[in-house]
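Okay, structure first, notes after.
Just so it is clear, none of the values below were taken in a lab; they were calculated from the coordinates. On a predicted model such as this, the values are computed, not experimentally measured, just so you know. Here Cβ is always computed from backbone atoms with ideal geometry, including for glycine, and neighbour counts include all displayed protein chains.
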Amino acid sequence: MTWLGDELGRIADDMPQRDLAVRAIEVYHRRRRNLIALAAAALVVVVVLGGTAAIKLTPKAARPVAPPERTVIDVGVAGTAEAAPLYVALSKGYFAAEGLTVRPAVVHAAAAVSAMERGELDIAQTDYVVSFVANQQNRGVKIVGGLHRAHTGTLALVVKAGSGIRTVADLKGKKIAVPYLRGLGTLSIRAMGLRNDDVEFVETPYTAMVDGLSGGRFAAALLAEPYVVVSVRQGRTRVLREALAREFDRLPTAGWMAADDWIKANPRTLAAFRRALAKAQRLIAGDLAQAVRAVQVIPPDMKVAWRDLNRLALGAFPAELDLRGLQRLADLALRYSVLKKRLDVRSVIR
């Protein structure tokens, strides 16, 4: 060994020649004991660290999830393509996996807030602007989840196919059907340049708009998908103007709302509903065809053909609420006098 030779040379000058071998052997054994002790200590460290790593990597037993307070919930929908994630979650069994039986019911959008306040609905699809207005009217409802983000074509101002109306300005002095008197529809129409006193808004369910146009009850209607694509294909309507272009494009348009008292009484039910919806929305994000197929069963009063699905205009279905987008939407509602004062959207979200 090299160290032994070095040691012999070092001690040769200090001691008699006969003691060289004895001294070298003592040094050898001392260093050997030190090396063995060091190796043992290293082994202890490795074992301890390995045990610690094993403890960290071993997953903790999942805490049992308490069941929802309600196993059956009634959910109001507007009968539009925006509600596709709900129907995807139903068809995939996501609600059942959370212990929920969800009963969707198509309701007149304007009646949803009152229905929740009376306890007739647990959760309802909402036009976000309607929730903003309800908040400023001190109605007891809050936004509890995201649902849909706009894209050009998802909402359109239409007229009867044979109408002589060619521009938005031609609608002055006439009636326009909208799902809400103070909602995203009226907001978008005002943004087209029509003042409050230029037209008369008629609150009408989507299911009655096309027949109302045909019967001359109003000159135009604000239609959502799939009513737009189906009525155009049937030759009953013509798109006068896209409603969610320019400043509205890609803004959040629809979500879920619930009454304050219901939210407080049913936190686990709401959490289970959100988890199931989020799972469906993630599925749609990777495969939009899931939403397209779901649209076939949403409208209660019309048949959506496969050829309609190919032309269907859909936005996005994000699970997360877009606070910045919602605030932009609220600010637009204030600019066009749908809201009476500025709203911090965080006050409307639960």
Beta bridges by DSSP in the stretch 69-350, antiparallel share as percent, to the nearest 5: 60
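For each of His148, His108, count neighbouring Cβ atoms within 10 Å of the residue's Cβ, then give the residues from fewest to most.
Result, fewest neighbours first: His108, His148.
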Quick one: work out Rg over Rh on the C-alpha atoms of the stretch 65-143, Rh as Kirkwood radius. 0.99
When all Cα-Cα pair distances of the stretch 134-237 are considered, the percent exceeding 15 Å is 64
In Å, what is the Rg of the alpha-carbon atoms in the stretch 69-350, and how long is Dmax? 17.9, 55
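What pairs in Lys160/Lys341; Lys279/Lys303; Lys279/Lys340; Lys160/Lys340; Lys175/Lys341; Lys142/Lys303 have C-alpha atoms more than 29 Å from each other?
In this structure, Lys160/Lys341; Lys279/Lys340; Lys160/Lys340; Lys142/Lys303 exceed 29 Å between Cα atoms.
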Fewest first, what order do Arg182, Arg307, Arg274 take by the number of other Cβ atoms within 10 Å? Arg307, Arg274, Arg182
Charge sum, other residues only, whose C-beta stays under 15 Å from Asp211's C-beta, Lys/Arg counted +1 and Asp/Glu -1: +3
Using Cα centres only, tell me the gap between the stretch 219-276 and the stretch 82-147 in whole Å. 11
Which of Glu247, Glu98, Glu82 comes first, and how do the rest follow, when ranked by fewest Cβ neighbours within 10 Å? Glu247, Glu98, Glu82
